[in-house]
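Right, one structure below, let's go through it.
Computed from the coordinates by the stated procedures, all read-outs in this text should not be read as laboratory data. Computed from a prediction, not measured in an experiment: that's the story for all the values here. So basically every Cβ, Gly included, is an ideal-geometry build from the backbone, and we count neighbours across all protein chains shown.
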Amino acid sequence: MSTVAFLGLGVMGQGMVVNLVRAGHEVRAWNRSGVDHLPAAVRDSISPAPNVATAVAGADAVLFCLSDDAAVTDLLIGEGRLASAVTPGMLVIDLSTVDPATSVKEAGIIADRGGHFLDAPVFGTRGEAMAGGLWIVVGGARADFDRPHAVLAPMSETLHYMGPTGSGTAMKLVGNLLVASQLQALAEALVLARQAGLNLDDVIGVLDVTDFRTPIYSGVGRGVRADDYSVNFALHLMLKDANLISAFADRCGAPIPTTSVTAQQIAHAVADGLGDLNASALVKALAARAGVDLRAEAG
């Protein structure tokens, strides 16, 4: 198929590279902290590279998925110096969740080297990444979007072209606004239901079937009942995204009163020491402040 350079093998990147290899691509991967600690399924799928330049040399496409804007900037023009390794005609795809303004800066840096850039953040967590079931939203030139389907398709359930550079990351922030709001709404609903004396399993059963049902209400609700906050997407990263949403909305002149309150609640939860738990720990934090226990009753 093609040679893909993949930079950054965090929670999401690990599943992505496995699916690229399954689809027949050769993946040369670089990870800042090395690969020895990665699961065997990931290590066995990739050709590890000692540095960014080696990973990128001769690649048909370069993909990366990093934690925040600072990490992306460092990769491009800092220690990683991806910009120096880009050659004319090379396609560079950023799968990270960053500020749309960062995407525009990335595109300019890549264009100065003669390359082509797409911002292509993903919806989904660890499970979807490993199953090749992500939903990818893409910004950039339409002609560039039409090029990489063979690379993006193995990682995704659906691909969505959103418009020019920055449109993919803008859509990701719009979507994450909804995710955060749903978690906050679920937290308030479960706490209220508990205080009202309702059986929470019965409550979740109703949430499964109503016209306002969502996978977040059902999945997170049952996770809360099981006291399971295993990390698919860490709460401290949701705080990062909430801050990005607030800054972006302010620049756009868009009022987001509900999201502003949710961002404050996320910040309180992180301050309470829950930042390294799953984002669903937002529910746990509100329950603790209310003095209620949402866990399933023993026996």
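Annotations
- Rounded to the nearest 20 debye, dipole of the stretch 3-164 from Cβ charges on Lys, Arg, Asp, Glu: 260 debye
- Highest-fluctuation residue, Pro100, Pro215, Pro88 considered, GNM on the chain with Cα pairs under 10 Å: Pro215
- Scanning residues 5 or more positions from Leu134 or on other chains, those with amide H under 5 Å from its amide H are Ser156, Glu157, with H placed 1.01 Å from N in the peptide plane.
- Value of Rg/Rh across the stretch 171-290 [Cα atoms, Kirkwood radius]: 0.97
- Counted over all Cα-Cα pairs of the chain, pairs farther apart than 23 Å make up 57 percent.
- Amide H contacts under 5 Å for Ala29, placed H, 5+ residues apart: Phe6, Ser47, Ala49
- Rounded to the nearest 500, the 222 nm mean residue ellipticity of the chain from helices alone is -15000 deg cm²/dmol, with -39,500 (n - 2.57) taken per DSSP H run of at least 4 residues.
- The stretch 84-115 and the stretch 207-232: distance between their alpha carbon centers, rounded to Å: 37 Å
- GNM top mover of Leu200, Leu274, Leu118 - the chain, alpha-carbon springs below 10 Å: Leu200
- With the charge dipole of the stretch 171-290 set up from +1 on Lys and Arg Cβ and -1 on Asp and Glu Cβ about the Cα centre, the Cα lying farthest toward the positive end among the listed residues Gln265, Ile245, Asn278 is that of Ile245.
- For Lys284, a cut-off of 15 angstrom between C-alpha atoms picks up these aspartates and glutamates, skipping any fewer than 8 places away in its own chain: Glu188, Asp227, Asp228, Asp272, Asp276, Asp293.
- Cα centroid separation - the stretch 1-65 against the stretch 133-161, whole Å: 18 Å
- Charge tally in the Cβ shell below 15 Å around Asn51, where Lys, Arg are +1 and Asp, Glu are -1, Asn51 excluded: +1
- In plain terms, the residue of Tyr217, Tyr161 with the fewest other Cβ atoms within 10 Å comes first and the most crowded comes last, giving Tyr161, Tyr217.
- Proximal lysines relative to Lys105, as straight alpha-carbon distance under 27 Å, when same-chain residues fewer than 8 apart are discounted: Lys172, Lys240
- Under the span-like rule (Cα at least 24 Å along the axis, Kyte-Doolittle mean at least 0.5), DSSP H helices of the chain: 167-195, 235-252
- Over the stretch 3-164, relative contact order from alpha-carbon pairs under 8 Å, at least 6 apart, %: 21 percent
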